[in-house]
Amino acid sequence: MSTEMWDAPLDDNQADSLTLTGDPEAEKTLVATAMARPTIVDELAMTGFDPADITDDRYRWVWFAVEELASSFRDGEIRYLAVDRQLQAWRADGRMASVPLNEQQLTELYNYAQPGSESWFADRISKKAAAARTVAHGHNAILRGNSAAFDPDEDVAALQTELDGVIRATVQDDTSLIGDLLADVLERAVTPPTNEDRIPTGFIDLDELLSGGWAPGQLIVIGARPAMGKSTIGVGFARAAAITNNIPTLFESLEMSKAELGSGIVAAESQVALHHMKQGVVGNDAPAAQRMARAAQKMREAPLHISDGVNLSMPALRAKVRNLVRTGGLRLVVVDYLQLMQAPAAESRQVAVSALSRGLKLLAKEFGITVIVLAQLNRGPEQRTEKKPMVSDLRESGAIEQDADIVILLHREDAYERESPRAGEADLIVGKHRGGHVATITTAFQGHYARFVDMAQT
């Protein structure tokens, strides 16, 4: 297709296809019915109906007026006189930019009410609005695809996110009586969790503290100062899930390359010194080479997806997660690390990081997966006599702590004092645990194998 065809002006038929109007008759009838039976405002809200889908501004304001007056008119209809007074009050105080329906027009509108048919008319309005959003989405896709600045990673991800919003989620009444919940509660109380509903962490004491491991819908933040081994512990959690327990996992690295990650994983699984692998001298050690071969056989079929893209945004991550959930049953995502993610435009870095942490939490809830995000701490530990980090040391945003279900702080005394009597040990300080206890889990740090090892005391 030639460039001229894209640049040519739209003819009348094309322009009409890009500007879908609403359904005036359905809108008129639905708004009139709301005046006659105001309770439909709340009833339709529970089905997901959005009054923003009413395209005629005058009818939409009548709907808002009925919504406003409904609390005062608990029974029966809301006559056009009351609606007229409300509209005129909003018009007088500058809340309405458009001219509302007058008393005579409201009287005529009232005659269109059809109580009992409101769901049918609301559905017509919603479908028409979804069609309009679909056409707008397609037009936007054409503009993005034809732009000289087209970026497949950013633009395709943005279009996928936009497409998700074409059909608005249905709001369902999710309230339950306590009696209806008891059977499931009692069954869970006597049934230990399995790998089907929990993801093992790789550390016995941590699994015990977390009632079996990571849970779906959780956002876990692992905080540490530089050079403490946060990437190593993140990879360790991914290894425990994907290689040990065959749980589909995505590791997003913004700091290390795939080659570096691959070497570290093989070293950890085979107990072959990482520096020997980097020097290429493992072939001189037959037992080490055999261990690597056995580890490779074990890892070959592991559902561990590794990405090392440098510009990871929330839309791009969401698109990747959606695809892996659909095609591979993804259950765990590890991001290394939060402050390196591409932040949305905001008035401050703090607000931008807050948006990222909130987006990660919503990602976990929406797809029913566990999201582990590594985060860098500020210089607080170095400025204290006691070098142990605290949750308040999370860098740039208190919202990270607020959004997280679990916050684990990584600390190694020998990072500050080489001759420490605890050299080789590392603490996983569980500083926040929503719905559970906090504690400190002691592990062994084996840097030469690029791994942390369980030191269970149970």
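Reported count of residues in the stretch 191-216, each being under 23 Å from the mean Cα position of the chain (by Cα), of a type outside the set (Asp, Glu) and on the phi < 0 side of the Ramachandran plot, is 9. With respect to the conditions (1) out of contact with any Leu (no Cβ under 7 Å at 6 or more places or on another chain); (2) at pLDDT 85 or above; (3) closer than 16 Å to Trp61 by Cα; (4) not β-branched (Val, Ile, Thr), Leu101 lacks only one, and its number is (1).
Scan the stretch 327-350 for residues that are hydrophobic (A, V, I, L, M, F, W, C), more than 21 Å from Arg225 (Cα to Cα) and crowded, with 20+ Cβ neighbours inside 10 Å and report the count. So the answer is 3.
One line per residue, one yes/no per condition, for (1) in contact (Cβ under 8 Å) with a residue 40 or more places away in the chain; (2) in a loop (DSSP other than H, G, I, E, B):
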{"site": "Phe49", "(1), (2)": "yes, yes"}
{"site": "Arg60", "(1), (2)": "no, no"}
{"site": "Glu68", "(1), (2)": "no, no"}
{"site": "Ile78", "(1), (2)": "yes, yes"}
{"site": "Met96", "(1), (2)": "no, yes"}
{"site": "Leu101", "(1), (2)": "yes, yes"}
{"site": "Leu106", "(1), (2)": "yes, no"}
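Could you grab the pairs with beta carbons closer than 7 Å, sequence gap of 6+ or different chains, first residue in the stretch 368-384 and closer than 11 Å to Leu394 by Cβ, second one outside any loop (DSSP other than H, G, I, E, B) and of a type outside the set (A, V, I, L, M, F, W, C)? Short answer, once both residue conditions are applied: Ala375/Gly223; Ala375/Gln339; Gln376/Gln339; Leu377/Gly223; Leu377/Asp393; Asn378/Asp393; Gly380/Asp393. What residue, of Gly435, Gly447, Gly431, is of a type outside the set (A, V, I, L, M, F, W, C) and in contact with a helix residue (DSSP H, G or I) (Cβ under 7 Å, 6 or more places away or on another chain)? Within the list Gly435, Gly447, Gly431, the selection yields Gly431.
Of the residues that make up the stretch 391-402, is at least one among the aliphatic types (A, V, I, L, M), surrounded by fewer than 21 Cβ atoms within 10 Å (Cβ to Cβ) and closer than 19 Å to Lys432 by Cβ?
There is at least one residue in the stretch 391-402 that is among the aliphatic types (A, V, I, L, M), surrounded by fewer than 21 Cβ atoms within 10 Å (Cβ to Cβ) and closer than 19 Å to Lys432 by Cβ.
If Ala415 satisfies all but one of (1) under 28 Å from the mean Cα position of the chain (by Cα); (2) at pLDDT below 90, what's the number of the condition it fails? Every condition holds for Ala415 apart from (1). The condition of being under 24 Å from Gly229 (Cβ atoms), among the β-branched types (Val, Ile, Thr) and in contact (Cβ under 8 Å) with a residue 40 or more places away in the chain holds for only one of Val282, Val321, Val353, that being Val353.
Checked across the stretch 325-332, the condition of being in the same structural domain as Lys365 (by TED's automatic domain parsing), in contact (Cβ under 8 Å) with a residue 12 or more places away in the chain and within 28 Å of Ala444 (Cβ to Cβ) holds for at least one residue.
Of all the numbered requirements in (1) small (Gly, Ala, Ser); (2) in contact with a helix residue (DSSP H, G or I) (Cβ under 7 Å, 6 or more places away or on another chain); (3) surrounded by fewer than 20 Cβ atoms within 10 Å (Cβ to Cβ), Ala355 misses one, and that requirement is (2).
Condition check ((1) within 26 Å of Val391 (Cα to Cα); (2) among the aromatic types (Phe, Trp, Tyr); (3) more than 21 Å from the chain's Cα centre (by Cα)) across all residues:
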| site | (1), (2), (3) |
| --- | --- |
| Gln218 | yes, no, no |
| Gly229 | yes, no, yes |
| Thr232 | yes, no, yes |
| Arg239 | yes, no, yes |
| Glu252 | yes, no, no |
| Met256 | yes, no, yes |
| Glu260 | no, no, yes |
| Val266 | no, no, yes |
| Gln271 | no, no, yes |
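Please state which one of Leu377, Leu362, Leu428, Leu409 is surrounded by 18 or more Cβ atoms within 10 Å (Cβ to Cβ), modelled with pLDDT under 90 and aliphatic (A, V, I, L, M). Among Leu377, Leu362, Leu428, Leu409, only Leu377 is surrounded by 18 or more Cβ atoms within 10 Å (Cβ to Cβ), modelled with pLDDT under 90 and aliphatic (A, V, I, L, M). Sub-7 Å Cβ pairs linking a first residue in the stretch 175-195 that is surrounded by 10 or more Cβ atoms within 10 Å (Cβ to Cβ) to a second residue that is not hydroxyl-bearing (Ser, Thr, Tyr), at least 6 apart or interchain, are Pro193/Gly212; Asn195/Asn245; Asn195/Ile247, ordered by first then second residue.
The values are calculated or read from the model by the stated rules, or taken from the named source; none is laboratory data. Note that this is a predicted model, so its numbers are computed, not measured. Every residue, glycine among them, receives a Cβ derived from its backbone with ideal geometry; neighbour counts consider all protein chains shown.
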